[in-house]
Number of protein chains: 2
Amino acid sequence: MEKDLAVKTRTGVIDCDVHHAVPSMAALYPYLSERWRDYVKEHNIKSLEPNYYPRGNPLSARPGSEPSPGALPGSDLGLLQRQVLEPWSVQYAILHCLYGVQMIHNEDLAAQLAQAVNDWQVAEWLEKDSRLRASIVVPSQNPLRAAEEIHRVGKHPGFVQVLLLVRSEKPYGKRYYWPIYEAAEQYGLTVGIHAGGVTGYPIMPVGWPSHYIEDYVSHAQAFQSQLISLVSEGVFVKFPRLRVVMMESGFTWVPSLMWRFDKNWKGLRREIPWVDRLPSEVMRDHIRFTLQPLDEPPKPEILLKVIEQMGSDEMLLFSSDYPHWHYDEREEALPAGLPVDLERKILFENARAVYRF
Amino acid sequence: MEKDLAVKTRTGVIDCDVHHAVPSMAALYPYLSERWRDYVKEHNIKSLEPNYYPRGNPLSARPGSEPSPGALPGSDLGLLQRQVLEPWSVQYAILHCLYGVQMIHNEDLAAQLAQAVNDWQVAEWLEKDSRLRASIVVPSQNPLRAAEEIHRVGKHPGFVQVLLLVRSEKPYGKRYYWPIYEAAEQYGLTVGIHAGGVTGYPIMPVGWPSHYIEDYVSHAQAFQSQLISLVSEGVFVKFPRLRVVMMESGFTWVPSLMWRFDKNWKGLRREIPWVDRLPSEVMRDHIRFTLQPLDEPPKPEILLKVIEQMGSDEMLLFSSDYPHWHYDEREEALPAGLPVDLERKILFENARAVYRF
């Protein structure tokens, strides 16, 4: 399979979801002003590493992805190069730093930490390997401050996307968040919505579940909500060049949502007159999904049917989700049985059309 | 088509979702004790009719379903007989009274009103037409009181189901609700979860949306949450004879949820060891869906694929959703292009297996 891929992808795979990790809060000290360095120390904030991927859980990180015993998977460039960039012949990999900057209630601290993380990304990753790209971490608690951060670093060619987390205080379609989209569109950046985020509301619209598995399975619904909101509020009418990439969302739920959304748009579109065409068409033009982790049907031919039902072969972007991958062997990141054309689209063509490479 | 159906369904259609309406609060006075009749009058509670189906909206009720100008659709038995029972050759129709009993914060009042609604259902509907069946309205605000109401009327042969609304204070899998399931199982009643309910939490797990269309499209997610919760908490292990019928939920989202749930169960089942087989198998054994309103794909053959992907032809139950129907012509309640065997299962065989007829 490796050889096959090398032939198919002369120009290299584009991996649209790779996770690097801030090894410790101390790693950010050089990028914080004295005032905020003191603040973080005085408040004994040792890490903002979220626990979306419980470290003891075998699904959370692939075996061997800890650079040294106890060190965070994804915190070492050399290991990431050896485990992702080289074996996959990666042309570009888009890094997403999941660090709990978005969960802090102090907006000033969040803004400073976002700056520090972005400067750390530039100095320690983007400038060290030309295959790397990254998403801008923003203090989404305050969309105006988030837009400022996009203006501060948006011109850097290493940044291709703005990172939001799917669990939010309000649905992302709301006008409140539009300054983020305006800034992203200005710099030709996509907006990436990744699993995770604040937990102000239960992940279930019917209250708090008891178990991690319920939370995890329900994550797809948070993505569905964001999608409904983005389309209904008219974000893509206001920002016609904007593309949103949903990451770790799964995508086999997309056809069903398109059907339900289209049907009800037909009945209720007077309420949102700015949405002047079928929601499924807006989705096909503006929404993309990374591949892993994949809510995979039992048979490859069913997966093909689902992709066919999405009505577009341009919506899926290859991702390894390193180091969180759920599959057994590296090669399984790409589902078996896809036609060659579709494989090529997923492996790099679709990403090239969406990101500024 | 009508003739076709008459041939196909010699024993008559079973319509699993028909709505009758309490015409006014005064209609319940004969079924309330003096104390509660006074209470309702003194507090000027004129109606608990919910606004799920805004009356001015053409989608909310089929034309001609108002018995007289201004009267509530579904409030007149004769009209319901002429518009549903007769044209569909209905053998049985299951009535669901959507009256906001479940939204009242005073548990005593809720319990009294539930009693009154149930006694009204028996006297004014069930005893007047032997084709009618009904769901027991319960004060789900207090599951112990809800169980008491099931014990009070559960033996009446007209009641075949306990009615819950999909939006709840807690996910329905939680132990808190188990007294309801214990009582339902004892009387051989199904539990029907219908669209609507309390709005304590936003319908989106990411906050409050702005528009009715967002709320409406998102309803499917509330159903998904309840399903995840019911299976994960082990309700069907504790109550192995219990069946849950989801009403007005749509169902094209079911295969995707099965895949996602099965996959994550494989990775995380140690957390819920009582779930000792694939969630999709539990769903196929215990969950049913009414047909309308249908989140219908653009082509009939896709709908057939979706039903095939559910892995069972026993999960769907015919419903007209009278008087809320979304389709243009009555006959369209049953999608075109279904194989005859499947049509028969949907029209009555599946319902007969689930309900006590």
What are the residues in region B:24-77 that are in contact with a Phe, Trp or Tyr (Cβ under 8 Å, 6 or more places away or on another chain), of a type in the set (Ser, Thr, Tyr) and more than 22 Å from residue B:124 (Cβ to Cβ), if any? B:60
What number of residues within region B:293-306 satisfy the criterion of being β-branched (Val, Ile, Thr) and either in contact with a Lys or Arg (Cβ under 6 Å, 6 or more places away or on another chain) or open to solvent by less than 10 Å² (accessible area, probe 1.4 Å) (or both)? 1
Qualifying positions in region A:30-43 - under 14 Å from residue A:115 (Cα atoms), open to solvent by less than 60 Å² (accessible area, probe 1.4 Å) and not aliphatic (A, V, I, L, M): A:31, A:33, A:36
Could you say whether any residue in region A:30-53 is touching a strand residue (DSSP E or B) at 6+ places or on another chain (Cβ under 8 Å) and assigned to a loop (DSSP other than H, G, I, E, B)? yes
Residues of region A:261-277 classified as closer than 22 Å to residue A:313 by Cβ and facing chain B (nearest Cβ under 10 Å), total: 2
Tell me which residues, restricted to region A:331-348, are open to solvent by 30 Å² or more (accessible area, probe 1.4 Å) and under 22 Å from residue A:131 (Cβ atoms). A:331, A:344, A:345
Please enumerate the residues belonging to region A:188-205 that are at the interface with chain B (Cβ under 7 Å from one of its Cβ atoms) and in contact with a helix residue (DSSP H, G or I) (Cβ under 8 Å, 6 or more places away or on another chain). A:203, A:204, A:205
Cross-chain or 6+ apart pairs with Cβ under 7 Å, region B:286-302 first and within 8 Å of chain A (Cβ to nearest Cβ) and in contact (Cβ under 8 Å) with a residue 12 or more places away in the chain, then open to solvent by 30 Å² or more (accessible area, probe 1.4 Å) and basic (Lys, Arg): B:295/A:263; B:296/A:263
Considering every residue within region A:212-228, establish whether at least one is farther than 21 Å from residue B:223 by Cβ and at pLDDT 95 or above. no
Test each condition in (1) among the polar types (S, T, N, Q); (2) touching a helix residue (DSSP H, G or I) at 6+ places or on another chain (Cβ under 7 Å); (3) under 26 Å from residue A:249 (Cα atoms); (4) not in a loop (DSSP other than H, G, I, E, B) for residue A:115 and report the one that comes out false. (3)
Per-region count, region A:312-325, residues open to solvent by less than 50 Å² (accessible area, probe 1.4 Å) and under 18 Å from residue A:344 (Cα atoms): 7
Check whether at least one residue in region A:197-204 is surrounded by 23 or more Cβ atoms within 10 Å (Cβ to Cβ) and at positive phi, and report yes or no. yes
Every residue in region B:60-77 that is within 14 Å of chain A (Cβ to nearest Cβ) and open to solvent by 50 Å² or more (accessible area, probe 1.4 Å), please. B:62
Somewhere in region A:133-153, is a residue free of Cβ contacts under 8 Å to residues at least 12 places away in the same chain and part of a helix (DSSP H, G or I)? no
Counting only residues in region B:240-250 that are part of a loop (DSSP other than H, G, I, E, B) and under 20 Å from the mean Cα position of the chain (by Cα), the one nearest to the other protein chains (Cβ to nearest Cβ) is identified as B:250
Here is a list: A:255, A:240. Which entry is of a type outside the set (Asp, Glu) and within 21 Å of residue B:221 (Cβ to Cβ)? A:255
Using the structure shown, decide if residue A:230 is facing chain B (nearest Cβ under 10 Å) and aliphatic (A, V, I, L, M). no
Complete set of residues in region B:91-108 that are of a type in the set (A, V, I, L, M, F, W, C), touching a helix residue (DSSP H, G or I) at 6+ places or on another chain (Cβ under 9 Å) and open to solvent by 10 Å² or more (accessible area, probe 1.4 Å): B:103, B:104
Which residues, counting only those in region B:276-292, are hydrophobic (A, V, I, L, M, F, W, C) and open to solvent by 10 Å² or more (accessible area, probe 1.4 Å)? B:278, B:282
For residues that are within 12 Å of chain A (Cβ to nearest Cβ) and open to solvent by 30 Å² or more (accessible area, probe 1.4 Å), scanning just region B:138-187, find the one that is nearest to residue B:109 (Cα to Cα). B:169
When region A:25-55 is checked residue by residue, the ones that are without any contact (Cβ under 8 Å) to a residue 40 or more places away in the chain, among the polar types (S, T, N, Q) and farther than 30 Å from residue A:346 by Cα are A:44, A:47
Residues that are part of a helix (DSSP H, G or I), more than 20 Å from residue B:26 (Cα to Cα) and touching a strand residue (DSSP E or B) at 6+ places or on another chain (Cβ under 9 Å): does region B:85-102 have at least one? yes
Qualifying positions in region B:126-137 - closer than 12 Å to residue B:77 by Cβ and open to solvent by less than 40 Å² (accessible area, probe 1.4 Å): B:126, B:129, B:132
Determine, yes or no, whether residue B:123 is more than 14 Å from chain A (Cβ to nearest Cβ), more than 30 Å from residue A:210 (Cα to Cα), open to solvent by 10 Å² or more (accessible area, probe 1.4 Å) and in contact (Cβ under 8 Å) with a residue 60 or more places away in the chain. yes
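For (1) at pLDDT 90 or above; (2) farther than 15 Å from residue A:21 by Cβ, each residue gets a yes or a no:
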site: A:42; (1), (2): yes, yes
site: A:46; (1), (2): no, no
site: A:49; (1), (2): no, no
site: A:67; (1), (2): yes, no
site: A:77; (1), (2): yes, no
site: A:80; (1), (2): yes, no
site: A:84; (1), (2): yes, no
site: A:95; (1), (2): yes, no
site: A:106; (1), (2): yes, yes
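Conditions (1) more than 8 Å from chain A (Cβ to nearest Cβ); (2) polar (S, T, N, Q); (3) open to solvent by 10 Å² or more (accessible area, probe 1.4 Å); (4) more than 25 Å from residue B:175 (Cβ to Cβ), marked per residue:
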residue	(1), (2), (3), (4)
B:207	no, no, no, yes
B:218	no, yes, no, yes
B:234	yes, no, no, no
B:255	no, no, no, yes
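The values are calculated or read from the model by the stated rules, or taken from the named source; none is laboratory data. In this text the structure is predicted, and so the values were computed from the model without any measurement. Backbone-built Cβ (ideal geometry, glycine too); neighbour counts: all protein chains shown. Side chains included, ligands, DNA and RNA excluded: accessible areas come from the protein's heavy atoms. Shrake-Rupley method; radii C 1.70, N 1.55, O 1.52, S 1.80 Å.
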